[in-house]
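Colleague: My questions will all concern the structure given below.
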Amino acid sequence: MLTLLSAAISTLSSLLHVQGAAFARDIVETLGVDRLIPGASTRFWAKLGILLSLGAAIILAYILPAGIIARATAFWFGICAASFLPTLIATLFWPAATKAGALASTVTGSIVSGLGYILLHEQEAVAVGLVSRIFGRATLLPFPWTHIDPLIYSLPAAAIVLVTVSLFTQKPSVVHLKKTFNKVSS
């Protein structure tokens, strides 16, 4: 139990610090808000960002339903897996993969997975409510699609697009392949 608690606290601390730094650099400095308080350092704005993030997390914890973190994490990891996993595997093991194939695969995985969660997978589709507002039913397709995780079909779709687009687009140069893989694509 202590190990789990320690991991959760460590992750929470990291996320809060990332949010604070992003607030200071990406929002305050980019928008010029730092001029509102002359002499305020980036560290001050980062600490303020951490406090705001913590406050938002506490408010959301009381507003959102129980179990939302697990559902949101599964949703996000499913989209990320469908988007990035085929490209990651191809960059490690398939020298013939192209930049266009990787980009097409990432876009395909994101779109197919996202639409699958929003339109077909019952838990998320009901929570979002888009299909019910447009079509008057909970999901776009009937059972079994309502209970099949979109990763099951979005991951193969992204992989097929990666291979197909890579086969029909310009291959990486021999020099690049020798530098990267120490071998030439076949």
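Colleague: Out of the residues in region 32-80 meeting the condition of being among the hydroxyl-bearing types (Ser, Thr, Tyr) and surrounded by 10 or more Cβ atoms within 10 Å (Cβ to Cβ), tell me which one is farthest from residue 154 (Cα to Cα).
Modeller: By that ranking, first place goes to 41.
Colleague: Taking the criterion of being surrounded by 15 or more Cβ atoms within 10 Å (Cβ to Cβ) and either within 16 Å of the chain's Cα centre (by Cα) or of a type in the set (Val, Ile, Thr) (or both), would at least one residue in region 91-98 satisfy it?
Modeller: yes
Colleague: Out of region 118-177, which residues are in contact (Cβ under 8 Å) with a residue 60 or more places away in the chain and acidic (Asp, Glu)?
Modeller: Once the filter is applied, which keeps residues that are in contact (Cβ under 8 Å) with a residue 60 or more places away in the chain and acidic (Asp, Glu), region 118-177 yields only 149.
Colleague: State yes or no: is residue 30 more than 19 Å from the chain's Cα centre (by Cα) and either in a loop (DSSP other than H, G, I, E, B) or not basic (Lys, Arg) (or both)?
Modeller: Yes; evaluated as a whole, the condition is true for this residue.
Colleague: Please go through region 1-11 and give me each residue that is over 18 Å from the mean Cα position of the chain (by Cα) and surrounded by 10 or more Cβ atoms within 10 Å (Cβ to Cβ), ordered by number.
Modeller: 6, 7, 8, 9, 10
Taken together, the values in this text are just the output of simple stated rules run on the coordinates, not laboratory data. Since we're looking at a predicted model, the values are computed, not measured. Please note: Cβ atoms are built from the backbone with ideal geometry, for glycine as well, and neighbour counts cover all protein chains shown.
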